[in-house]
Amino acid sequence: MKARLIESREIGPDTRHFEFEAIDWDGAFTPGQFLSLTEGEITRAYSIASPPGGRKFALCANLVSDGHFTPWMFNLGLGDEIEFKGPYGAFTPRQHESESILVATGTGIAPFRSFLAGGALKGKATLIFGTRQEAGLLYDPEWRDLVRSREGFAYWPTLTRPDPGWAGRIGRVQAHVMKALAGRTEIDVYICGLREMVDDLRAQLKANGLDRKRIIYEKYD
């Protein structure tokens, strides 16, 4: 299948938000799923960073300057076409209504934008988003707007290398998840980010008595 680039903008250091319009796809997917993009013989998977609706979809990606794929992607011009397959994946909101904690690092925030922008999650939700510095808090204005517009939504950004002026949370996401849980086990925890963080947090959650069925995750290298 093919899609045409209609918007590309910087949302963080070496990180861009891409908007595409599908040419030969009806746009049907479930929030949290991903698409596989192909250039030549190289294929890369990207979580959809927008809610379902029409033929438009968004992706976000970090530039790997010595890589083979993202330099091509970052050089796309408006109107250029891409080839893709999908959607794939089961990292999707559960159908029952339950309080949720959403945990992301880096571009792992992308599927949660799809979750939240379209209202796919029911019940109270806390988004815990970790990056090194404040500039890396992707879609930060949107999360702050959502705090004001959606009842029961909380946003906890946390930084591991904050500038002196930062007055918010500090440290890795794992510790803040434990604080948000406060010993509760009847809650869903969705995790998306680098493998090391995901595996460590899963182990902590299981050790604290959370049922494995309530731990929904997607990890990448």
* Structure fact -> Phe129 neighbourhood, Cβ < 13 Å, K/R = +1, D/E = -1, net charge +2
* **Ranking of Ile215, Ile128 by count of other Cβ atoms within 10 Å, fewest first** => Ile215, Ile128
* Extending each Cα 7 Å along its Cβ direction at Asp211 and Asn62, get the distance between those two points in nm, one decimal. => 3.4 nm
* Okay, which of the range 84-116 sit inside 12 Å, backbone N to the point 7 Å along the Cα-Cβ direction of Phe69? -> 84-85
* **Tilt relative to the chain, helix 140-149 - C-alpha long axis, 0 to 90 degrees, to 10** => 60 degrees
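If you place +1 on the Cβ of every Lys and Arg and -1 on the Cβ of every Asp and Glu, how big does the dipole about the Cα centre of the range 97-193 come out, in debye to the nearest 20? Spell out each step's value before the answer.
Working: 12 positive and 10 negative charges, 41 e Å.
My answer is approximately 200 debye.
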* To do: Using only alpha carbon pairs under 8 Å that are at least six residues apart, calculate the relative contact order of the chain and give it in whole percent.
  => 18 percent
* To do: Compute the distance in nm between two label points, each set 7 Å from the Cα along the Cα-to-Cβ direction, one at Asp200 and one at Ser149.
  => 3.4 nm
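Give me Trp156, Trp72 ranked fewest to most by other Cβ atoms within 10 Å of their Cβ, as a rough exposure proxy.
Values: Trp156 20, Trp72 14.
So the ranking, lowest neighbour count to highest, is Trp72, Trp156.
How about the range 43-134: which GluC sites (Glu not before Pro) there lie in a loop by DSSP and see at most 13 other Cβ atoms within 10 Å?
Counting only loop positions with at most 13 other Cβ atoms within 10 Å, the GluC sites (Glu not before Pro) in the range 43-134 are Glu97.
Mean residue ellipticity at 222 nm from the helices of the chain, using -39,500 (n - 2.57) per DSSP H segment of n ≥ 4 over the full residue count, to the nearest 500 deg cm²/dmol?
Numbers: 5 runs with 45 residues, N = 221.
After summing the helix terms and dividing by the residues of the chain, the value is -5500 deg cm²/dmol.
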* **Residue pairs, from the table Lys56/Lys179; Lys2/Lys206; Lys179/Lys219, whose Cα atoms sit over 31 Å apart** => Lys56/Lys179; Lys2/Lys206
* Asked: What fraction of the DSSP beta bridges in the chain is antiparallel, stated in percent and rounded to the nearest 5?
  -> 50 percent
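Bear in mind these aren't lab numbers, they're just calculated from the coordinates by the rules spelled out. Because the structure is predicted, anything quoted here is derived from the model rather than measured. Here the Cβ is made from the backbone with ideal geometry for all residues, glycine too, and neighbour counts use every protein chain on show.
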